[in-house]
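The structure appears right after this line, and notes come after that.
The values are calculated or read from the model by the stated rules, or taken from the named source; none is laboratory data. Worth saying up front: this structure is predicted, and the values here are computed from it rather than measured. As a convention, Cβ positions derive from the backbone with ideal geometry for all residues, glycine included, and neighbour counts pool all protein chains shown. When the accessible area is computed, the model is the full protein with side chains, heavy atoms only, and any ligands, DNA or RNA have been set aside. Shrake-Rupley method; radii C 1.70, N 1.55, O 1.52, S 1.80 Å.
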Amino acid sequence: MDIALRPVHDSDLPVFYRQLNDPESLHMAAFTPEDPADRDRFDAHWAKIRSTPEIVVRTVLVDGDVLGHVSVYGEPGEREVTYWVDRAYWGRGIATAALRGLLAEVPERPVHARVAADNVASRRVLERCGFEVSGHDAGYAPARGEKIGELVLTLDH
């Protein structure tokens, strides 16, 4: 597999929208928009992301196909990463490779991440990239309709 990152193109957004509305992906991510099917809100969110210079967002390509996105955002010292990979491709190392690529592009540290405490696969992605659990939290997870446990992970080096 050839895994690559590139800037987000307008043509990627329909793919991201479809991925965001996969019920199983939503459940695993947990901390999602209140109404992921609200296309106007989705488009406004992505317009803001793409126009904010402090946010580094990349489309994840596998063999030339758009399979997700990865980004880093936030204030220096409080930067966080997030990623999304099409469910049909989970378990193939794509999220790990994409996150490693982004971390190489954005070398500032520390960088943080948050993951639903029961999302073992996403936690493994982060740990493979050098993140370590640095805290525990809980918050309302719209995709699950309840408050759930969350892990905070940090990459210091």
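Condition check: outside any strand (DSSP E or B), over 21 Å from ARG6 (Cα atoms) and at pLDDT 95 or above. Does ARG144 satisfy that? I'd like the intermediate steps shown before the answer.
Values: outside any strand (DSSP E or B): yes; over 21 Å from ARG6 (Cα atoms): yes; at pLDDT 95 or above: yes.
Here the answer is yes, as ARG144 does meet what is asked.
Output the residues belonging to segment 120-136 that are assigned to a loop (DSSP other than H, G, I, E, B) and more than 15 Å from the chain's Cα centre (by Cα).
GLY130
Does at least one position in segment 87-102 carry a residue that is in contact with a strand residue (DSSP E or B) (Cβ under 8 Å, 6 or more places away or on another chain), β-branched (Val, Ile, Thr) and surrounded by fewer than 19 Cβ atoms within 10 Å (Cβ to Cβ)?
No - not one qualifying residue is present in segment 87-102.
Just to be sure before I move on: is ALA113 outside any helix (DSSP H, G or I), small (Gly, Ala, Ser) and under 13 Å from the mean Cα position of the chain (by Cα) in the structure I sent? Break it down stepwise before answering.
Details: outside any helix (DSSP H, G or I): yes; small (Gly, Ala, Ser): yes; under 13 Å from the mean Cα position of the chain (by Cα): yes.
The answer is yes for ALA113.
So, HIS157, is that one in a strand (DSSP E or B), in contact (Cβ under 8 Å) with a residue 40 or more places away in the chain and of a type outside the set (Val, Ile, Thr) or not? Steps first, answer last, please.
On the way: in a strand (DSSP E or B): no; in contact (Cβ under 8 Å) with a residue 40 or more places away in the chain: yes; of a type outside the set (Val, Ile, Thr): yes.
Against the criterion (in a strand (DSSP E or B), in contact (Cβ under 8 Å) with a residue 40 or more places away in the chain and of a type outside the set (Val, Ile, Thr)), HIS157 does not qualify.
Please work out if TYR73 is within 20 Å of ASP22 (Cα to Cα), within 11 Å of the chain's Cα centre (by Cα), open to solvent by 20 Å² or more (accessible area, probe 1.4 Å) and touching a residue at least 12 places away in the same chain (Cβ under 8 Å).
Working: within 20 Å of ASP22 (Cα to Cα): no; within 11 Å of the chain's Cα centre (by Cα): yes; open to solvent by 20 Å² or more (accessible area, probe 1.4 Å): yes; touching a residue at least 12 places away in the same chain (Cβ under 8 Å): yes.
It is false that TYR73 is within 20 Å of ASP22 (Cα to Cα), within 11 Å of the chain's Cα centre (by Cα), open to solvent by 20 Å² or more (accessible area, probe 1.4 Å) and touching a residue at least 12 places away in the same chain (Cβ under 8 Å).
Is one or more of the residues making up segment 54-61 open to solvent by less than 20 Å² (accessible area, probe 1.4 Å), closer than 14 Å to LEU5 by Cα and touching a Pro at 6+ places or on another chain (Cβ under 9 Å)? Spell out the reasoning first.
In the first step, residues of segment 54-61 are kept if they are open to solvent by less than 20 Å² (accessible area, probe 1.4 Å); the result is 57, 59-60.
Keeping just the survivors that are closer than 14 Å to LEU5 by Cα gives 57, 59-60.
Subset that is touching a Pro at 6+ places or on another chain (Cβ under 9 Å): 57, 59.
Yes, the conditions are met somewhere in segment 54-61.
Answer with yes or no whether VAL133 is surrounded by 12 or more Cβ atoms within 10 Å (Cβ to Cβ), under 16 Å from LEU26 (Cβ atoms) and β-branched (Val, Ile, Thr).
Here the answer is no, as VAL133 does not meet what is asked.
If we keep just the residues of segment 16-34 that are touching a Leu at 6+ places or on another chain (Cβ under 8 Å) and open to solvent by less than 50 Å² (accessible area, probe 1.4 Å), which is nearest to ASP118 (Cα to Cα)? Break it down into steps so the answer makes sense when it comes.
Looking only at segment 16-34, we keep the residues that are touching a Leu at 6+ places or on another chain (Cβ under 8 Å), and these are 20, 26, 32-33.
Remaining after also requiring open to solvent by less than 50 Å² (accessible area, probe 1.4 Å): 20, 26, 32.
Numbers: LEU20: 19, LEU26: 13, THR32: 15 Å.
In this case the residue turns out to be LEU26.
Pick from LEU151, LEU102: which is in contact (Cβ under 8 Å) with a residue 40 or more places away in the chain and either in a strand (DSSP E or B) or under 23 Å from ASP12 (Cβ atoms) (or both)? Spell out the reasoning first.
Values: LEU151 fails: in contact (Cβ under 8 Å) with a residue 40 or more places away in the chain.
When all the criteria are applied, what remains is LEU102.
Quick one: how many residues across segment 76-110 are acidic (Asp, Glu) and under 13 Å from the mean Cα position of the chain (by Cα)? It would help to see each step written out before you state the result.
The initial filter retains those residues of segment 76-110 that are acidic (Asp, Glu), namely 78, 80, 86, 105, 108.
Now restrict to residues that are under 13 Å from the mean Cα position of the chain (by Cα): 80, 86.
Here the count works out to 2.
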